[in-house]
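Please see the structure below; I have some questions.
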Amino acid sequence: MLFKQMQYFISIVKNNSFTEAAEENYISQSAISQAIKSLEDELNVKLLKRQNRGFTLTNAGEYFYKQSLVITDEIERIKQSILKISKQKNDILKIGYINSYCGLEIHKAIVEFSQIYPNIDIEVHTGNHEDLYELMKNDKLDIIINDQRRALSEEYINHYLYKSSCYIEISNKSLLHDLKEVNFEDLTQMHCIIVSSKNQRDIEMEYYGNTLGFKGDFIFAENLDEARMLVAANKGFLPIASVPSQKESIEGISRVLLVRNGERVERNYYAFWNKLTNNTLKEEFANILERQFKK
């Protein structure tokens with residue numbers, strides 16, 4: 001039994017068509033049909049039950065299909081491992097992103113990037129603004145995705161991604177959840193829920209208090225899921241930036257536009273990396289991510 005026959009069989013089942021499978025593998029339909037017939041003869045079992053112009057899988061065919069997926073996936077892993085060993089080192093892209101980000105753009109960009117560069121390993125980290133900058137400055141991260149809180153530095157590539165409006169997420173139990181917009185002055189009797197590591201809490205309080213003008217008290221959460229559970233329990237409100245792939249609604253939680261002096265509060269998202277270590281991989285990932293934000 002040839003590995004190529006197994007690949008042909010997987011392709012036929014996935015496409016539900018001999019014709020499309022043949023096109024996918026750049027061979028003729030007669031050639032791929034003959035390959036499957038030879039496979040069945042070698043195994044001495046029918047894998048497909050032909051019906052007019054279509055087919056269904058026999059019980060043996062269903063088992064063979066599942067096992068073929070496992071085997072081909074393992075062979076691909078072995079090939080990648082051999083490739084890495086031959087290079088004597090792993091090529092890695094280390095990505096960091098702000099822990100309050102709640103969309104799918106980064107996830108989709110990683111998937112697309114991995115398809116283009118299957119031999120590049122990707123490490124992903126999350127953190128606060130200062131945590132991420134510190135890691136990048138010490139070459140522990142190659143590229144970070146963050147919203148802009150400071151003046152753009154000429155030491156870094158500042159790749160603009162997206163301008164987002166800011167909202168608060170608030171429990172449906174709160175009377176404020178029906179408002180179309182809200183400002184921080186309306187929220188001083190509520191706790192502001194912030195996603196932050198312990199060592200960055202003072203910096204976060206200073207930003208929301210002095211820069212954005214919130215005069216109330218804070219509650220801190222270790223991650224976004226924990227913060228949203230606090231919101232659902234009506235323990236406070238969560239400031240959050242809106243991104244294209246963000247869920248429109250979360251059960252028990254409403255989203256209200258955040259304004260200041262009658263204007264929308266907005267955030268600019270950027271991809272940042274060190275100019276001295278600039279390379280094609282970082283630029284390619286940033287370009288892919290930008291396209292995801294624009295979809």
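The values are calculated or read from the model by the stated rules, or taken from the named source; none is laboratory data. This one's a predicted model, so the numbers in the text were calculated from it and none came from an experiment. Don't worry about glycine lacking a Cβ; one is built from the backbone with ideal geometry, like all the others, and counts go over all protein chains shown. Only protein heavy atoms, including side chains, enter the accessible area calculation; ligands, DNA and RNA are left aside. Shrake-Rupley method; radii C 1.70, N 1.55, O 1.52, S 1.80 Å.
Which condition breaks for Leu281 when tested against (1) within 19 Å of Leu132 (Cβ to Cβ); (2) open to solvent by less than 30 Å² (accessible area, probe 1.4 Å); (3) of a type outside the set (S, T, N, Q)?
Exception for Leu281: condition (2).
If you don't mind, another one. Determine, yes or no, whether Arg255 is in a strand (DSSP E or B), open to solvent by less than 60 Å² (accessible area, probe 1.4 Å) and of a type in the set (Lys, Arg). I'd like the intermediate steps shown before the answer.
Details: in a strand (DSSP E or B): yes; open to solvent by less than 60 Å² (accessible area, probe 1.4 Å): no; of a type in the set (Lys, Arg): yes.
Judged against the criteria, Arg255 is not a match.
Something else now. Can you name the number of the only condition in (1) under 20 Å from Glu181 (Cα atoms); (2) surrounded by 12 or more Cβ atoms within 10 Å (Cβ to Cβ); (3) modelled with pLDDT under 90 that Gly262 fails?
(2)
Going through the range 150-166 one residue at a time, which ones are in contact (Cβ under 8 Å) with a residue 60 or more places away in the chain, farther than 18 Å from Leu276 by Cα and not small (Gly, Ala, Ser)?
If the condition is that a residue be in contact (Cβ under 8 Å) with a residue 60 or more places away in the chain, farther than 18 Å from Leu276 by Cα and not small (Gly, Ala, Ser), then Tyr160, Leu161, Tyr162, Lys163, Cys166 are the ones that fit.
Taking the range 46-72 on its own, how many of its residues are modelled with pLDDT under 90, open to solvent by 60 Å² or more (accessible area, probe 1.4 Å) and closer than 16 Å to Val13 by Cα?
Adding up the residues that qualify gives 3.
Taking strands (runs of 3 or more DSSP E) that fall entirely within the range 14-119, which contain at least 3 residues that are more than 26 Å from Glu283 (Cα to Cα) and out of contact with any His (no Cβ under 6 Å at 6 or more places or on another chain)? Quick ask: steps written out before the conclusion?
Working: elements: 48-51, 54-57, 92-98.
Per the criteria, 48-51, 54-57.
Something else: Scan the range 34-45 for residues that are surrounded by 13 or more Cβ atoms within 10 Å (Cβ to Cβ) and either farther than 17 Å from Lys4 by Cα or in contact with a Ser or Thr (Cβ under 6 Å, 6 or more places away or on another chain) (or both) and report the count.
Looking only at that region, the number is 1.
Can you run down the residue pairs with Cβ atoms below 8 Å, 6 or more apart or on separate chains, where the first is in the range 201-219 and over 12 Å from Arg149 (Cβ atoms) and the partner is among the charged types (D, E, K, R) and part of a loop (DSSP other than H, G, I, E, B)?
Gly209/Lys215; Ile219/Lys235
Would you say Arg291 is in a strand (DSSP E or B) and open to solvent by 60 Å² or more (accessible area, probe 1.4 Å)?
Numbers: in a strand (DSSP E or B): no; open to solvent by 60 Å² or more (accessible area, probe 1.4 Å): yes.
When the stated conditions are applied, Arg291 does not pass them.
Among (1) touching a residue at least 24 places away in the same chain (Cβ under 8 Å); (2) more than 26 Å from Tyr207 (Cα to Cα); (3) open to solvent by 30 Å² or more (accessible area, probe 1.4 Å); (4) not basic (Lys, Arg), where does Ile78 come up short?
(1)
Checking the conditions here, which among Glu105, Glu112, Glu40 is acidic (Asp, Glu), under 29 Å from Ser245 (Cα atoms) and in contact with a strand residue (DSSP E or B) (Cβ under 9 Å, 6 or more places away or on another chain)?
Glu105
Then there's this: Restricting to the range 1-33, give me the number of residues that are open to solvent by less than 40 Å² (accessible area, probe 1.4 Å), farther than 14 Å from Thr56 by Cα and touching a residue at least 40 places away in the same chain (Cβ under 8 Å).
The total comes to 1.
Right, another one. Could you tell me whether any residue of the range 121-136 is out of contact with any strand residue (DSSP E or B) (no Cβ under 7 Å at 6 or more places or on another chain), assigned to a helix (DSSP H, G or I), within 22 Å of Val243 (Cβ to Cβ) and of a type in the set (S, T, N, Q)?
No, because not a single residue in the range 121-136 is out of contact with any strand residue (DSSP E or B) (no Cβ under 7 Å at 6 or more places or on another chain), assigned to a helix (DSSP H, G or I), within 22 Å of Val243 (Cβ to Cβ) and of a type in the set (S, T, N, Q).
Can you name every residue in the range 209-251 that is open to solvent by 20 Å² or more (accessible area, probe 1.4 Å) and part of a helix (DSSP H, G or I)?
Hits for the range 209-251 are Asn210, Thr211, Leu224, Asp225, Glu226, Arg228, Met229, Leu230, Ala232.
Yes/no matrix, rows are residues, columns are (1) closer than 21 Å to Glu76 by Cα; (2) of a type outside the set (Phe, Trp, Tyr):
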{"site": "Phe3", "(1), (2)": "yes, no"}
{"site": "Tyr8", "(1), (2)": "yes, no"}
{"site": "Ile12", "(1), (2)": "yes, yes"}
{"site": "Phe18", "(1), (2)": "no, no"}
{"site": "Ile32", "(1), (2)": "no, yes"}
{"site": "Ala35", "(1), (2)": "no, yes"}
{"site": "Glu40", "(1), (2)": "no, yes"}
{"site": "Asn44", "(1), (2)": "no, yes"}
